[in-house]
Every structure is written in C-alpha cells, then in structure tokens.
Amino acid sequence: MAVKKWKLSQSHTVLLALASLVAVTMLSYMLVERRQLDDLHRTLASRAELYSATIGGVLAKYEFLPLAIAQSDEVAALLETRSPDRAARVNAYLEEMIQGAGAFAVYVINPQGEVYASSNWKEPTSYVGQNYGFRPYFRQAVNGGIGRFYGIGVSTREAGYFIALPIRRHGRIIGVAAAKVSLDWLEQSWRMPSVAEQIWVTDANGVILLSSISAFKFKTLAPLSEGARKSIHEQRQFLHETLPQLPHRVEQRLTDGAKLLSLNLPREGEPSGYMAVSSRLKPLEWQITVLAELGQVRAAARNAAVGAALGWTALCLGILYALQRRRRIAERLNAQQALKRANDELEAKVERRTAALLDANLRLQAEVGERERAEQTLRQAQAELVQSGKLAAIGQMAAGITHELNQPLAAIQTFSDNAQVLITRGRADEALENLSIISDLVKRLGYITSQLKGFARRSDDAQKPVSVRKAFEQTMLQVRTTRGADRLVLDEDWPQQDIVVLCNETGLRQVFSNLITNAMDAVGAAEIAHLSIRVAQSGDQAVIRVADNGPGIAPASAQKIFEPFFTTKEQGLGLGLSISAGIIRAAGGTIEVQNHGSDGHGGAEFTIRLRCRQPGGKTDLGEQDA
Ligand code: ADP
C-alpha cells in the first residue's frame with residue numbers, strides 16, 4: 001500500500017515553529033505565574049495567620065486592665081455611692097494603673113453609661129461625666145458580656161480599641177470597667193521598611209480600622225449596607241467620618257478568600273496588582289489582610305517566559321541545525337554511494353571491455369598468425385605455380401615453335417631437294433617455282449621468329465615517348481609491302497595535335513601490325529578489309545580505337561584471345577594478341593576488345609589506352625627507326 005507522505009512546506013514549518021514558540025512562552029508564563037502565586041499565597045496565608053495571632057495576643061493582653069478595675073472594692077464603692085472623695089481616689093488609682101500599661105485610658109462607667117472616674121480626669125478631654133451609653137462595648141459589658149470595640153474617641157477624637165467588663169457585686173452588675181488602647185504602635189511597626197507586605201485590618205462591615213497605609217484607614221472595601229451605616233452612626237463609631245470606598249478592583253478570587261487586586265497606592269501613579277490573603281480574628285469578627293505586590297511574581301513569570309522562549313528557540317534552532325546536518329550528511333553519503341556505484345560499474349565495464357579487448361586481441365593475433373601462415377603458403381603456392389606455369393609455357397612454346405618451324409623446314413627440305421633434281425634435269429621453270437615456294441616458306445619462318453622477338457623486349461624501353469601517328473604510319477608502310485595489302489581500306493581519324501604516348505616504339509608498331517594482320521585475317525581473303533583507326537586524348541591518356549568489318553569475336557573466345565597460344569586460325573600461333581597485351585601492360589596501359597555496332601556483330605574493336613607524355617617533357621622521337 002502506498003503511504004502518502006506529508007511534507008511540510010517551509011512556510012508551514014515557520015508557522016509551526018512560531019505557534020509552538022508562542023505556546024511554550026505562554027505556557028511557561030502561566031505555569032511559573034501559577035507556581036509563584038501558589039508560593040505567595042502560602043507565604044501570605046502564614047503571614048496573615050501570624051499577624052492575626054499577634055494582634056489577637058496584643059488585644060487579649062489588654063483585657064487584664066478592666067479585669068483589675070472590676071475587682072477593685074474602691075471602684076465598687078464609688079459605683080454604689082458616688083462621692084467626690086471616692087471619685088478622686090479612684091481617679092488617682094486609675095491614673096496610676098495606666099502608667100506603664102501602654103493604654104490610652106481606663107475608666108469606670110455606671111450602669112447608665114456615665115463615666116464616674118477616668119485615668120485622664122485631669123486632661124481637658126477627660127471622660128469623667130461623659131455618657132457612653134450608646135457605645136456597643138458598654139452595652140455588651142452592662143449586659144454581662146465582654147465589650148470589644150474599635151472606634152474614634154468622642155472626646156479625644158482619637159481612634160482606639162475599647163475593652164469593657166461588667167463590675168459585679170453580690171451577683172448584680174453595678175457598673176462597667178473600660179479601657180481604651182491605642183494600636184498606633186502596631187501600625188507603626190507595620191510601616192517599618194523591613195516589612196515587605198502591606199497590611200490592613202477590617203471589621204465586620206468591611207471598614208479598614210488599621211492599615212500599614214494610613215491613607216487607607218476608615219475606608220470601606222465594599223459599599224456599606226443601610227443597616228451597617230445606621231448602626232455605625234448610632235454607635236458614633238467613626239464620629240463624622242464619611243467612610244469612602246477604597247478605590248480598588250478585584251481581578252480574581254482565589255481559594256480560601258484570597259484575591260488578586262488592582263490597587264492604587266498613594267504616591268504611585270499607576271495601579272499595581274496585589275495578592276490579598278486574609279485571616280479572621282475570631283472574637284472581633286475582624287479580617288487581617290496581608291497584601292503583596294505581584295510585580296515580582298509577574299517579573300519571575302516574564303523571566304521564565306523569556307527564558308523558555310529563548311530555550312525553545314535555541315532548541316528549535318538546534319533541532320533545525322541537527323536535521324539539516326543530518327540531511328547534508330545523508331546527501332553526502334548518497335552522493336558518495338552513487339559515485340562509488342558509478343565507479344564500480346565503470347570499473348566492471350572497463351574490466352569487461354578490457355577482457356573483451358584482450359580476447360579480441362588474442363583472436364586477432366591468432367588470425368594474423370593464421371593469415372601470415374596462409375599468405376606464406378599462398379606465396380609458396382604462387383611461386384610454385386609461376387615456376388610451373390613458366391615451365392609449362394616454355395614447354396608449350398617450345399612445342400609450338402618446334403611444330404611451326406618443323407613444318408616449313410621440312411617443306412623447304414623437300415622443295416630444295418626437288419629444285420636440285422629439277423635443275424639437274426634442266427626443268428628450270430619448275431625449279432624456279434620451287435624456289436619461290438621456298439622463299440615464301442622462309443618468309444613464314446621470318447614471321448614466326450619476328451613474333452618471338454616480342455618476348456625478348458627490354459623492359460627499360462617500355463615507356464619511351466612515341467608519336468602514335470608516326471608509329472602507325474611506319475607500320476602501314478611495312479604492311480603495304482606485304483601480299484594482299486591492296487584490299488585494305490583505311491579510315492583514319494587523327495586529332496590536330498600530335499599525340500605522344502609513353503611506350504616502346506617497336507612494340508607499338510608490332511601491336512598495330514598484329515591488329516591490322518588480325519583484321520585482314522578476320523575479313524577473309526576475298527573481301528575488302530575496312531579498317532578504322534581513331535585516336536583521341538582524354539586527360540593524360542591517349543585512347544586508340546582500331547575496328548574492322550570482320551565477324552567480330554565469338555563470345556566464347558572473348559575471354560581467351562589475350563592468352564598465349566589461343567588461336568582459331570589454322571596457321572595461327574596464338575601469340576600476336578598475347579604479345580601485344582604484354583607490350584601495352586609494360587607501358588602501363590590497357591588493351592581490351594568488344595564488338596562494335598548496336599547489335600554487337602559489327603566486327604571487332606580494340607581499345608588501347610596509354611599514358612600521354614607530360615607537356616614540356618623531353619621529346620625522344622629522333623630515336624625512332626623508319
Ligand atoms: P593468331 O592470329 O595467330 O591466331 P592472335 O593472338 O593474333 O593469334 O589472335 C588470336 C585469335 O584471336 C585469332 O585466332 C582470332 O580467332 C581472334 N582474333 C584476333 N583478331 C581478330 C579480329 N580482328 N576479328 C576476329 N577475330 C580475331
């Protein structure tokens with residue numbers, strides 16, 4: 001099954017890398033932020049617990065003040081019978097008590113809310129004579145409980161923490177012992193530079209009572225309900241404070257009531273992000289809230305994100321580099337393998353070719369050897385053939401010549417014997433006739449020997465300049481002297497300029513003589529022999545055509561007429577054409593025969609081609625004999 005391979009294009013790869021980069025950056029930002037927030041949450045929670053315990057401890061510590069007052073008999077006596085002396089004594093007692101106790105004021109209130117004695121009896125803002133019946137701590141205490149309250153002093157206009165206990169005598173509540181404590185020192189301690197976090201303490205209505213940031217004090221976190229506003233007013237908790245809302249925004253609510261807030265701190269232009277974690281201070285329904293700026297968390301998350309982005313980019317680049325490197329190595333390996341394969345193939349091919357060449361070479365060598373042997377054998381055979389041919393020719397010739405010569409010689413013998421007898425008998429006419437026959441026979445012998453001369457021609461005379469026309473005319477002079485020459489009619493065609501060929505001159509004349517004699521023989525003794533000679537020059541060759549009006553060459557004889565001793569004549573020797581061909585060959589020319597006329601029966605035509613003398617060559621015609 002064909003597996004479809006998806007190849008990522010370059011733009012896809014870039015998009016993927018960017019998307020993964022964004023994802024990794026965001027993920028690491030979120031993870032680190034989450035972890036940092038968790039850490040901060042835990043830290044702030046424990047800090048809140050700590051502050052809560054501290055504040056709780058501090059407040060509890062002050063409870064001994066009203067407790068001590070409630071147990072004083074002098075105080076009880078004052079409450080039962082108010083007299084100026086007693087009041088002065090109790091005032092002094094209270095004043096003394098407050099020394100070193102760290103409290104703002106301690107005082108004694110009758111069940112109707114009127115202050116009978118107070119530690120600040122001397123001061124202009126003395127509580128003595130004031131009525132605090134509207135204060136909740138008084139009401140709680142007069143009803144037998146412990147009064148706890150934070151508010152702004154009606155007389156002093158200073159904020160503080162109020163604690164009140166009932167004063168009982170004989171099972172009856174005769175008054176209330178109260179203490180007002182300033183928590184300014186606590187706030188001051190939160191504002192130390194060593195304290196990294198911000199703190200505020202809110203009451204059940206969400207009003208900030210204490211804060212490390214003084215500007216936040218007496219501001220509400222949420223709009224006050226109508227009931228709350230009313231009770232605050234009745235209790236005159238914050239006197240005439242308008243209790244504005246703290247400008248802030250809750251960004252996110254976390255577990256355990258923790259929140260992420262956007263808050264504008266005084267002297268800071270931009271609102272910053274904070275985490276707020278609260279702890280409850282039980283008996284007072286207070287919330288101790290510890291706040292820490294998220295700048296560090298965000299910075300850590302940002303750093304982590306940048307680090308992760310850089311790391312991821314480096315990783316991507318590393319992977320990309322590794323992939324490219326691997327691809328390059330693979331490509332190089334492939335190329336090397338391909339090269340090696342090609343090399344191996346080439347080597348194998350070269351080996352095969354070399355082997356084939358070696359084989360062919362060996363075969364050739366064997367063939368050459370064989371050829372050489374065959375050639376040697378052939379040469380040997382040729383030499384033997386030539387030798388035996390020569391011997392055979394000599395034998396044949398000798399037999400021919402012997403036969404040719406013997407006949408006339410025997411006749412001459414007979415005729416001369418007869419002549420002698422006839423002369424002796426005085427029959428001179430008959431003797432003369434015999435002598436004439438003898439003369440003819442001697443001519444015949446002369447003809448035979450003249451034919452044989454052709455064989456003995458010197459080869460160095462074979463190519464001498466000779467005028468064709470001159471050689472022919474001299475031959476004709478000789479022919480005209482012979483018997484029967486009167487029936488020869490010539491038809492000549494000569495070019496304007498004399499044609500000089502390279503040939504043996506006597507030989508050329510013998511060739512013409514043979515051709516003329518053969519033509520006359522072919523026509524027959526009773527007929528007129530028409531002989532035509534046409535000479536022309538073609539390039540550096542002279543073309544000589546000699547034709548007759550005889551019967552032509554029989555096809556069966558055409559191949560043989562140039563062979564020695566081939567003859568169709570009764571008296572023939574069969575040497576004329578053979579000798580003629582030898583002379584022309586020795587001159588470097590050719591001789592051939594064909595029957596002329598359209599039907600091939602117009603008589604024989606011999607064509608001789610001979611090389612012409614080069615123009616400007618030396619003329620050697622003076623040597624020609626007549
Ligand atoms: P010979 O004349 O003694 O026969 P040649 O060699 O001259 O010897 O001629 C060989 C033969 O060629 C002749 O016997 C003849 O048959 C043939 N031949 C030569 N010339 C002619 C010709 N002009 N016409 C016909 N036949 C020819």
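Only one of L15, L67 is among the hydrophobic types (A, V, I, L, M, F, W, C) and within 60 Å of the chain's Cα centre (by Cα); which?
Matching residue, one of L15, L67: L15.
Of the residues L261, L265, L291, L284, which single one is in contact with a Lys or Arg (Cβ under 6 Å, 6 or more places away or on another chain) and within 30 Å of L59 (Cβ to Cβ)?
L284
Which ones in segment 531-553 are open to solvent by 50 Å² or more (accessible area, probe 1.4 Å) and within 9 Å of the ligand (Cβ to nearest atom)?
Once the filter is applied, which keeps residues that are open to solvent by 50 Å² or more (accessible area, probe 1.4 Å) and within 9 Å of the ligand (Cβ to nearest atom), segment 531-553 yields only P551.
Quick check: anything in segment 199-206 polar (S, T, N, Q) and open to solvent by 20 Å² or more (accessible area, probe 1.4 Å)?
Yes, some residue in segment 199-206 is polar (S, T, N, Q) and open to solvent by 20 Å² or more (accessible area, probe 1.4 Å).
How many residues does segment 80-115 hold that are open to solvent by 20 Å² or more (accessible area, probe 1.4 Å) and more than 30 Å from T289 (Cβ to Cβ)?
20
Looking only at segment 267-277, how many residues end up being open to solvent by 40 Å² or more (accessible area, probe 1.4 Å) and either under 17 Å from L221 (Cβ atoms) or assigned to a strand (DSSP E or B) (or both)?
Total meeting the criteria: 1.
Go through segment 63-79 and give me each residue that's over 16 Å from I174 (Cβ atoms) and crowded, with 20+ Cβ neighbours inside 10 Å.
Hit for segment 63-79 is L65, nothing else.
F606: near the ligand (Cβ under 8 Å from one of its atoms) and either touching a Gly at 6+ places or on another chain (Cβ under 8 Å) or modelled with pLDDT of 90 or more (or both), yes or no?
The answer is yes for F606.
Quick check, is E605 surrounded by fewer than 18 Cβ atoms within 10 Å (Cβ to Cβ) and acidic (D, E)?
no
For segment 84-97, does any single residue satisfy the condition of being at pLDDT 90 or above and outside any helix (DSSP H, G or I)?
Within segment 84-97, none of the residues are at pLDDT 90 or above and outside any helix (DSSP H, G or I).
For segment 14-21, indicate whether the set of residues that are closer than 17 Å to G175 by Cα, of a type outside the set (V, I, T) and without any contact (Cβ under 8 Å) to a residue 60 or more places away in the chain is non-empty.
no
Tell me, which residue of segment 560-579 that is more than 6 Å from the ligand (Cβ to nearest atom) and over 13 Å from N514 (Cα atoms) is surrounded by the most Cβ atoms within 10 Å (Cβ to Cβ)?
Among those that are more than 6 Å from the ligand (Cβ to nearest atom) and over 13 Å from N514 (Cα atoms), it is P564.
Please tell me if S20 is on the phi < 0 side of the Ramachandran plot, of a type in the set (S, T, Y) and more than 60 Å from the chain's Cα centre (by Cα).
Against the criterion (on the phi < 0 side of the Ramachandran plot, of a type in the set (S, T, Y) and more than 60 Å from the chain's Cα centre (by Cα)), S20 does not qualify.
Away from the ligand (no atom under 16 Å from the Cβ), open to solvent by 40 Å² or more (accessible area, probe 1.4 Å), within 20 Å of T590 (Cβ to Cβ) and of a type in the set (A, V, I, L, M) - does that describe any residue in segment 485-499?
Within segment 485-499 (the criterion being away from the ligand (no atom under 16 Å from the Cβ), open to solvent by 40 Å² or more (accessible area, probe 1.4 Å), within 20 Å of T590 (Cβ to Cβ) and of a type in the set (A, V, I, L, M)), the answer is no, since none of the residues qualifies.
Are any residues in segment 286-313 open to solvent by 60 Å² or more (accessible area, probe 1.4 Å) and closer than 25 Å to L18 by Cβ, and if so, which ones?
Within segment 286-313, R298, R302, N303, V306, L310, W312 meet the criteria.
Looking only at strands (runs of 3 or more DSSP E) that fall completely inside segment 180-261, which ones have 2 or more residues that are touching a Ser or Thr at 6+ places or on another chain (Cβ under 6 Å)?
Because the criterion is at least 2 residues that are touching a Ser or Thr at 6+ places or on another chain (Cβ under 6 Å), the strands (runs of 3 or more DSSP E) in segment 180-261 that meet it are 198-202, 248-253.
Does Y137 qualify as being assigned to a strand (DSSP E or B), closer than 13 Å to A177 by Cβ, open to solvent by less than 20 Å² (accessible area, probe 1.4 Å) and of a type in the set (S, T, Y)?
no
The values are calculated or read from the model by the stated rules, or taken from the named source; none is laboratory data. The structure presented is a predicted model; accordingly, all values stated were derived computationally and were not measured. When we count neighbours, we look across all protein chains shown, and the Cβ atoms used for this are built from the backbone with ideal geometry, even at glycine. Surface accessibility is based on the protein's heavy atoms, side chains included, excluding ligands, DNA and RNA. Shrake-Rupley method; radii C 1.70, N 1.55, O 1.52, S 1.80 Å.
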